[in-house]
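Right, one structure below, let's go through it.
Each value in this text was obtained by applying a stated rule to the coordinates, not by laboratory testing. Small disclaimer: the values here were computed from a predicted structure and weren't measured. For neighbour counting, all protein chains shown are included, and Cβ atoms are generated from backbone atoms with ideal geometry for every residue, glycine included.
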Amino acid sequence: TPEKKIDRSNHVIAYNYDIYEGEKAHIQNIVITGNEKTKRHVITRELIVEEGEVFNAYKIRRSQERLYNTQYFKDVKLDARPGAVEGLMDLLIDVEEQRTGTINLGLGYSSANSLNVFEELAENNFLGKGLRLSERVEYGAYRQLYRLSYDDNYFLNTKFGFGVDTFYALDTR
């Protein structure tokens, strides 16, 4: 409850607050909602906070940034609610997913390759597991290219990435 002091002669109102700083709060539960496609573990691996550790606003904001950086989500809302007992907090993460697939089509002309057409399909969150899968086909008067790519930034649930890019190119000159 603030203590209010009024100084009418100087036209000043002052408020005094007594602030009690309790013990540091810990994260009891991390509750994730809104993810229909993306698997829970894909979201939690981007978090740098864990259940049971001290509630740290910097780490929570950084976790939100990491979730945005995956480009799987249009919006990431964070909220904190009191936990079951004093000193415990629940961290609520509500994500709004966005489309992660792309289709590219193109047509070009050059003196070296004459007419050239291509198509490319890519999915950046394949099966909701955070995998990138893409294929590309190019066809021209003198050249054909077929390419298939796979990338996993958390290979076997580790911090190591793994990728394979295979292609077949044919020059018909």
### Message
Only four residue types carry charge here, +1 at the Cβ of Lys and Arg and -1 at the Cβ of Asp and Glu. Report the dipole size of the chain about the Cα centre in Debye, rounded to the nearest 20.
### Response
340
### Message
Using a 7 Å offset from the Cα along the Cα-to-Cβ direction at both Asp165 and Arg40, what is the distance between the two label points in nm, to one decimal?
### Response
3.6
#### Entry: Radius 11 Å from Cβ of Asp90, net charge of other residues (Lys, Arg +1; Asp, Glu -1)
-1
### Query
Extension gain Ser149-Leu107, at 0.36 nm per residue separation less the Cα-Cα distance, in nm?
12.9 nm
### Query
Once all Cα-Cα distances of the range 43-105 are split into 5 Å bins that start at 0, what whole-number percent is in each one?
4, 16, 26, 21, 13, 9, 5, 3, 2, 1, 1, 0
### Summary
The simple spin-label model distance between Glu119 and Arg66, using points 7 Å out along Cα→Cβ, in nm, is 3.8
### Calculated on alpha-carbon atoms, Rg and Dmax of the range 1-78 in Å
20.7, 65
#### Entry: Pairs of lysine residues in the chain - Cα separation under 24 Å, sequence separation of 8 or more or cross-chain
18
### Rg(Cα)/(2.2 N^0.38 Å) for the range 92-155, N = residue count
1.52
#### Entry: All-pairs Cα distance distribution in the chain, expressed in whole percent, bin size 5 Å
1, 7, 12, 12, 11, 10, 8, 8, 7, 6, 5, 4, 3, 2, 2, 2, 1, 0, 0, 0
### Summary
Counting Lys and Arg as +1 and Asp and Glu as -1 over every other residue whose Cβ sits under 13 Å from the Cβ of Ile103, the net charge comes to -2
### Task
Note down the nm distance, to one decimal, between modelled labels 7 Å out along Cα→Cβ at Thr1 and at Leu78.
3.6
### Message
Could you work out how much longer the chain between Leu88 and Asn157 gets when fully extended? Use 0.36 nm per residue separation minus the Cα distance between them, nm to one decimal.
### Response
22.0 nm
#### Entry: the chain, helix-only ellipticity at 222 nm - DSSP H runs n ≥ 4, -39,500 (n - 2.57), divided by all residues, nearest 500
-3000 deg cm²/dmol
### Neighbour net charge for Val137 - beta-carbon separation under 10 angstrom, K R +1, D E -1
-2
